[in-house]
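J.: Sharing a structure here in structure tokens format.
The values are calculated or read from the model by the stated rules, or taken from the named source; none is laboratory data. These numbers were taken from a predicted model, which means no experiment stands behind them. Methodologically, a virtual Cβ is constructed for each residue, glycine included, from the backbone with ideal geometry; neighbour enumeration extends over all protein chains shown. Just the protein is used for accessible areas: all its heavy atoms, side chains included, with ligands, DNA and RNA removed. Shrake-Rupley method; radii C 1.70, N 1.55, O 1.52, S 1.80 Å.
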Amino acid sequence: VTMYCLQWLLPVLLIPKPLNPALWFNHSMFMGFYLLSFLLERKPCTICALVFLAALFLICYSCWGNCFLYHCQDAALPDAAHDPAIVGT
């Protein structure tokens, strides 16, 4: 049962940020509240929490565009963001 709690934390890092910039705030608030409620309810072990925080720090520090805490100024939107067929749906 070691590191069982990581199966609920790691998918959070894989959820993509919405293409529409107007939804970034809502997305970051939802993810923040999900993590806060998970940490308060499940109380993950120290190792799981440290692994998750290290992964979150590396993703946000590298500005790959999937950090839900903020949008990096240097990171451009993906090419699909300018496609009217995708954005219009």
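J.: I'd like the full set of residues that are surrounded by 13 or more Cβ atoms within 10 Å (Cβ to Cβ) and under 20 Å from L58 (Cβ atoms), limited to region 4-23.
T.: Scanning region 4-23 gives C5, L6, W8, L9, L10, V12, L13, I15, K17.
J.: So for region 44-67 (the condition being exposed (fewer than 11 other Cβ atoms within 10 Å of the Cβ) and at positive phi), does at least one residue qualify? Before you say what the answer is, go through the steps one by one.
T.: Of region 44-67, the ones exposed (fewer than 11 other Cβ atoms within 10 Å of the Cβ) are 46, 54, 61.
Checking which are at positive phi leaves us with none.
Checked against the condition, which is being exposed (fewer than 11 other Cβ atoms within 10 Å of the Cβ) and at positive phi, region 44-67 yields no hits at all.
J.: Hey, does region 36-43 have a residue that's in contact (Cβ under 8 Å) with a residue 40 or more places away in the chain and open to solvent by 70 Å² or more (accessible area, probe 1.4 Å)?
T.: no
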